[in-house]
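A.B. asks: Pasting a structure here, questions to come.
Values in this text are rule-based calculations from the coordinates and carry no lab data. The structure presented is a predicted model; accordingly, all values stated were derived computationally and were not measured. Every residue, glycine among them, receives a Cβ derived from its backbone with ideal geometry; neighbour counts consider all protein chains shown.
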Amino acid sequence: MKKHNFYAGPSILSEYTIRNTADAIINFADTGLSVLEVSHRSKEFQAVIDEATALVKEILEIPEGFQVLWLGGGASMQFCMLPYNLLRKHAAYLDTGTWASNAIKEARLFGDVDVVASSKDANYTYIPKGFEVPAGVDYFHYTTNNTIYGTEIRIDPTVDCPLVADMSSDIFSRPIDFSRYDAIYAGAQKNLAPAGVTLVIVREDALGHVDRPIPTMLDYRTHIKKGSMFNTPPVLPIFSALQTLRYYKQLGGLPELERRDLEKAAMLYDAIDSSRMFRGTVTDPADRSIMNVCFVMKEEYSELEADFIRFCADRGIVGIKGHRSVGGFRASLYNALPIESVKVLVEAMHDFEATR
Ligand SMILES: *Cc1c(COP(=O)(O)O)cnc(C)c1O
């Protein structure tokens, strides 16, 4: 039986993605070869990466002047690659969690970094508000969705400089106003594909303004010039990404994806808020992530957490243990997770409460 998969990443992929990937591992595009054993320079794979790139542009409505890249190294590589290419002297960063602070650490290798606000004082359970971005910075970097803490910024912030964002865990869940951005990036393993590829979307005229020499592999222009084929790209994850993108398009694109995501999140947050036993960990409901729902047992029930995880496992629910830095539970409701799985989790919460 297929499990109800709430893992935070790598995480659930659509059945469409997994089935087509499995088929292509046996026979890719009628070549009589596995997608695991074809040249990335074959015309069949070229067609895959071309269509995947076109679908990213179509689904996210990316305007002219941006380049879509498929790179290795994970989102964590972008923590250094991005400032390498875009940070001239001074950048502003918002510290909303572990990933944000990892990005800040790397950016400091390349220039002055202003951390305009941080919610570290409360273990990142809220999104800082009312911060000011200093004038004249090269860009403002933020993390749209804080996968570990379950907070999210779903509205592009209004600042007087270009935006740059790590969208690893909520890309394809909302529209993005690209006119305000110089770059976004997203590791694939949350809402797109198996681990191994990172999607980078960068404004071409934002490049070429730094004085430092950039190593060839870390220079976005290398990969732009070669259509993400300067070296061997992660062929299989890109193939799977194409399947997910086709599936997203078939569903109706971002409006339908966002509608589903909001519906799933509302269902689970309602169950948490009306519960006797559980409570959410994010302090302001406006900051709650629709991708990663973090919750714990109320003080008086906290010794039941392990029991609840076992209770869920018996019903085929996996991956709800919270990140070690937060504890409790985290249910990741990525795009591929069917609403039926959320219903099963909500029912498990009710039933568990009824037994104690
Ligand atoms: C998972 C995640 C990362 C790390 O991605 P890697 O591909 O493992 O480097 C970075 N940022 C966010 C927001 C994430 O969710």
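A.B. asks: How many nm is it between the label spots at residue 256 and residue 225, if each spot is 7 Å from the Cα in line with the beta carbon?
C.D. replies: Taking the two extended label points, one gets 4.1 nm.
A.B. asks: So, one more: When a/c is below 1.5 the answer is rounded, else prolate if a/b is larger than b/c, else oblate, so apply that to region 78-147 with a ≥ b ≥ c taken from the square roots of the Cα gyration tensor eigenvalues. List each step's numbers first, then the result.
C.D. replies: On the way: a/c = 2.27, a/b = 1.43, b/c = 1.58.
Verdict is oblate for region 78-147.
A.B. asks: In addition: Using just the Cα positions, wrap region 69-202 in a convex hull and report its mean projected area in square nanometres, one decimal place. Write out the running numbers ahead of the final one.
C.D. replies: Working: hull surface 29.3 nm².
For region 69-202, the mean projected area of the Cα convex hull comes to 7.3 nm².
A.B. asks: Right, something else. Calculate the spin-label point distance for residue 305 paired with residue 204, positioning each point 7 Å from the Cα along the beta-carbon direction, and give it in nanometres.
C.D. replies: Distance between label points: 5.0 nm.
A.B. asks: Restricting to Cα pairs below 8 Å that are 6+ residues apart, what does the relative contact order work out to for region 116-247? Please round to a whole percent.
C.D. replies: After rounding, I find 16 percent.
A.B. asks: What are the ³J(HN,Hα) couplings of region 105-120, residue after residue, when phi is run through the Karplus curve with 6.51, -1.76, 1.60 and θ = phi - 60°? Round to Hz, x for glycine and proline.
C.D. replies: Residue by residue, region 105-120 yields 4, 5, 4, 5, 6, 10, x, 7, 10, 9, 8, 6, 6, 9, 10, 4 Hz.
A.B. asks: So, one more: Name the long-range amide H neighbours of residue 292: under 5 Å, sequence gap of 5 or more, or other chain; modelled H, no Pro or chain starts.
C.D. replies: Amide H neighbours of residue 292: 333.
A.B. asks: Mean-square fluctuation check for the chain, GNM, Cα pairs under 10 Å: which of 191, 102, 85 is largest?
C.D. replies: Comparing 191, 102, 85 in a Gaussian network model of the chain, the most mobile one is 102.
A.B. asks: Follow-up question, since we're still on this one. Explain nothing, just the number: relative contact order of the chain, from Cα pairs under 8 Å at least 6 residues apart, as a whole percent.
C.D. replies: Details: 670 pairs, mean separation 83.7, N = 356.
Once normalised by length, the contact order is 24 percent.
A.B. asks: Follow-up question, since we're still on this one. Would you list which lysines come within 28 Å of residue 190, measuring only between C-alpha atoms, while excluding same-chain residues fewer than 8 positions from it?
C.D. replies: 2, 3, 57, 105, 120, 129, 225, 226, 249, 264, 321, 343
A.B. asks: May I pose another question? If Lys and Arg each add +1 and Asp and Glu each add -1, what is the summed charge of the other residues whose beta carbon sits under 9 Å from the beta carbon of residue 170?
C.D. replies: On the way: positive: 154, 174, 190; negative: 152, 261.
Surrounding charge for residue 170 is +1.
A.B. asks: In nm, what is the difference between 0.36 nm times the number of residues separating residue 50 and residue 30 and their Cα-Cα distance? Please list the in-between numbers first.
C.D. replies: Numbers: separation 20, 0.36 × 20 = 7.20 nm, distance 1.82 nm.
Here the answer is 5.4 nm.
A.B. asks: Across all directions of projection, what mean area in square nanometres is found for the Cα convex hull of region 1-55? Mind dumping the intermediate values first?
C.D. replies: Working: hull surface 20.5 nm².
The Cα convex hull of region 1-55, projected and averaged over all directions, gives 5.1 nm².
A.B. asks: Please compute the Cα-Cα pair-distance distribution of the chain with 20 Å bins starting at 0, giving whole percents from short to long.
C.D. replies: Bins of 20 Å from zero give 30, 56, 14, 0 percent of pairs.
A.B. asks: As a check on your grasp of the helix formula, calculate [θ] at 222 nm for the chain: sum -39500 (n - 2.57) over DSSP H runs of n ≥ 4, divide by the residue count, round to the nearest 500. Walk me through the intermediate numbers first.
C.D. replies: On the way: 9 runs with 123 residues, N = 356.
Counting only the DSSP helices, I get -11000 deg cm²/dmol.
A.B. asks: Separate question: Applying a 10 Å radius around every beta-carbon, put 169-182, 24-37, 128-141 in order of their mean neighbour count, most first.
C.D. replies: Working: 169-182: 20.6, 24-37: 14.1, 128-141: 16.7.
Listed from highest to lowest mean packing, they are 169-182, 128-141, 24-37.
A.B. asks: Would you mind telling me the antiparallel percentage of the DSSP bridges in the chain, rounded to 5? List each step's numbers first, then the result.
C.D. replies: On the way: 22 of 40 bridges.
That works out to approximately 55 percent antiparallel.
A.B. asks: Okay, moving on. Using θ = phi - 60° and the Karplus relation 6.51 cos²θ - 1.76 cosθ + 1.60, list the HN-Hα couplings for region 285-292 in order, rounded to whole Hz, with x at every Gly or Pro.
C.D. replies: Rounded to whole hertz, the list is x, 5, 8, 5, 6, 8, 9, 10.
A.B. asks: Can you give the Rg/Rh ratio of region 177-315, where Rg is from the C-alpha atoms and Rh is the Kirkwood radius? Let's see the in-between values first.
C.D. replies: Values: Rg = 21.0 Å, Rh = 19.2 Å.
Answer for region 177-315: 1.10.
A.B. asks: Work out how much length residue 211 to residue 129 would gain on full extension: take 0.36 nm times their residue separation and subtract the Cα-Cα distance, in nm to one decimal. Each step should come with its number before you reach the end.
C.D. replies: Details: separation 82, 0.36 × 82 = 29.52 nm, distance 3.37 nm.
Working it through step by step, the gained length comes to 26.1 nm.
A.B. asks: Between 167, 291, 277, which gets the highest mean-square fluctuation from a Gaussian network model of the chain, Cα cutoff 10 Å?
C.D. replies: Ranking 167, 291, 277 by mean-square fluctuation puts 277 first.
A.B. asks: I've got another one for you. Spin-label point model (7 Å from Cα, Cβ direction): what's the residue 37 to residue 339 distance in nm?
C.D. replies: 4.4
A.B. asks: Hey, what did region 79-183 get for relative contact order, percent, Cα under 8 Å, at least 6 apart? Display every interim value, and only then the final one.
C.D. replies: Working: 189 pairs, mean separation 26.3, N = 105.
Relative contact order, region 79-183: 25 percent.
A.B. asks: Work out from phi, with θ = phi - 60° and the Karplus expression 6.51 cos²θ - 1.76 cosθ + 1.60, the ³J(HN,Hα) of each residue of region 49-61, listed in order in whole Hz, and give x for Gly and Pro.
C.D. replies: Each residue's phi maps through the Karplus curve to give 5, 5, 5, 4, 4, 5, 5, 4, 5, 5, 5, 8, 6 Hz.
A.B. asks: Would you mind telling me which residue in 100, 122, 241 has the biggest mean-square fluctuation in a Gaussian network model of the chain, where springs connect alpha carbons within a distance under 10 angstrom?
C.D. replies: Sorting by GNM fluctuation, first place goes to 122.
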